[in-house]
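Below: the structure, in structure tokens.
The values are calculated or read from the model by the stated rules, or taken from the named source; none is laboratory data. What you see is a predicted model; the values in this text were computed from it and never measured. Note: ideal-geometry Cβ built from the backbone for every residue, glycine included; neighbour counts use all protein chains shown.
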Amino acid sequence: MIQDSSEIHFISVIVPVLNNPNGIGRLLSALTSQTYPPDQLEILVVDNGSSDATPEIVRSHISQKPHRIRLLEQTQIKGSYAARNLAIPESRGDLLVFIDADCDPISCWLENGVNTLMKEQADLAGGKVTFTYAGPTPSAAERIDARTNMQMEQDILNRGVTKTANLFVRKRLFDELGLFRDDLKSGGDVEWTSRATAKGYKLVYASGAEIRHPARGWRELFIKQVRVGRGQILQRTGKRLSTGTNVLKTGRSLQSVISRGDETFFGKTAMLIALLWARMGTLVGRLQATVEQLARKNR
């Protein structure tokens, strides 16, 4: 329950989606079943050029909740940040909430996130991400993904950044900071929230605003890390990427895996392989972006 009726704000939930009919269907069912007052909530789904049944699934939910869900289309720029940017000026809420189409929020997700934002008198909040697995025994890739990606509490406390998979923001921040960088395919949320905290806006962790996110398998993990590597280069345009820092980070991650007492020798070996696989994806992404930048300079 909302702790203070005076703290009920109109919320706009923004969801980018691309070719994920099952995920968006589940998410819309979860969003329209939230404990937050339904008359104080709108859902903006931004389709980023899906070629499958995703738009039809969204329209079927709109037919059931015509005053609560809207479908927008971002077909000019591929990328989730461009999709989010399209929805921000279209939103009517004074609070904006971001979530990804493959996430599953608990029923009091919105309520708990808003309560934390108001209680802490914060400007933005990142919620809890709990990873789920495809089978009863997670693969090494899934375990590495769950240990290295979207560590929301640590990122907020130690780095002053968070992710759009579970983000609550006062809309007025976008008036001063501008929108997300739409040239980034990964890391745009980290770049934007770092700008916010650098300006003095207060970022907090909302432990009660929990979503579940599927951990990535081998293929998905590699593709994700390629995007991460590309984003790291693009965010550092004009700056030198610190190779030593990233080698040190990899070394610490390896040491963390090796020192685990709850893993067998074969389990540790598999996780080390998965970690190196992820780091290889990051390196490939960096090399791709670097080559593209050099090619543009030499034209």
**Complete:** Taking the range 86-108 and keeping residues within 26 Å of residue 216 (Cα to Cα) and in contact with a Leu (Cβ under 9 Å, 6 or more places away or on another chain) leaves 97, 98, 99, 100, 101, 102, 103, 104, 105
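Which members of the range 148-160 meet the condition of being in contact (Cβ under 8 Å) with a residue 40 or more places away in the chain and either under 18 Å from residue 229 (Cα atoms) or in a helix (DSSP H, G or I) (or both)? Let's see the steps before the verdict.
Step one: of the range 148-160, the residues in contact (Cβ under 8 Å) with a residue 40 or more places away in the chain are 148-150, 152-153, 156-157, 160.
Residues satisfying the conditions are 148, 149, 150, 152, 153, 156, 157.
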**Fill in**
Those residues of the range 187-215 which are of a type in the set (Gly, Ala, Ser) and touching a residue at least 60 places away in the same chain (Cβ under 8 Å) amount to 188, 196, 206, 207, 208, 209, 215
**Number of the exception - residue 175 against (1) part of a helix (DSSP H, G or I); (2) in contact (Cβ under 8 Å) with a residue 24 or more places away in the chain; (3) over 15 Å from residue 9 (Cα atoms)** = (2)
**Asked** Of all helices (runs of 4 or more DSSP H) completely enclosed by the range 5-117, which ones contain at least 2 residues that are touching a His at 6+ places or on another chain (Cβ under 9 Å)?
**Response** 21-31
**Message:** Which count do you get for residues in the range 118-150 that are over 18 Å from residue 271 (Cα atoms) and of a type in the set (S, T, N, Q)?
**Reply:** 2
**Fill in**
The condition of being among the polar types (S, T, N, Q), surrounded by 16 or more Cβ atoms within 10 Å (Cβ to Cβ) and in contact with a strand residue (DSSP E or B) (Cβ under 8 Å, 6 or more places away or on another chain) holds, among 148, 130, 164, only for 164
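Matching residues to (1) closer than 30 Å to residue 230 by Cα; (2) without any contact (Cβ under 8 Å) to a residue 40 or more places away in the chain; (3) out of contact with any strand residue (DSSP E or B) (no Cβ under 9 Å at 6 or more places or on another chain); (4) outside the structural domain of residue 186 (by TED's automatic domain parsing):
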residue: 13; (1), (2), (3), (4): yes, no, no, no
residue: 20; (1), (2), (3), (4): yes, no, yes, no
residue: 90; (1), (2), (3), (4): yes, no, no, no
residue: 95; (1), (2), (3), (4): no, no, no, no
residue: 108; (1), (2), (3), (4): no, no, no, no
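Every residue, every condition in (1) in the same structural domain as residue 17 (by TED's automatic domain parsing); (2) modelled with pLDDT of 95 or more; (3) surrounded by 22 or more Cβ atoms within 10 Å (Cβ to Cβ), yes or no:
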| position | (1), (2), (3) |
| --- | --- |
| 179 | yes, yes, no |
| 184 | yes, no, yes |
| 192 | yes, yes, yes |
| 197 | yes, yes, no |
| 204 | yes, yes, no |
| 223 | no, no, no |
| 228 | no, no, no |
| 235 | no, no, no |
| 240 | no, no, no |
**Request:** Kindly indicate whether any position in the range 117-124 is closer than 21 Å to residue 181 by Cβ and not assigned by TED's automatic domain parsing to the domain that holds residue 271.
**Result:** yes
**Asked** Can you find even one residue in the range 63-76 that is touching a residue at least 12 places away in the same chain (Cβ under 8 Å), buried (at least 19 other Cβ atoms within 10 Å of the Cβ), over 27 Å from residue 190 (Cα atoms) and over 18 Å from the mean Cα position of the chain (by Cα)?
**Response** yes
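Run down 59, 92, 84, 26 and say which single residue is crowded, with 17+ Cβ neighbours inside 10 Å and either of a type in the set (Phe, Trp, Tyr) or modelled with pLDDT of 95 or more (or both).
Values: 59 fails: crowded, with 17+ Cβ neighbours inside 10 Å; 92 fails: crowded, with 17+ Cβ neighbours inside 10 Å; 26 fails: crowded, with 17+ Cβ neighbours inside 10 Å.
None of the others qualify; the one that does is 84.
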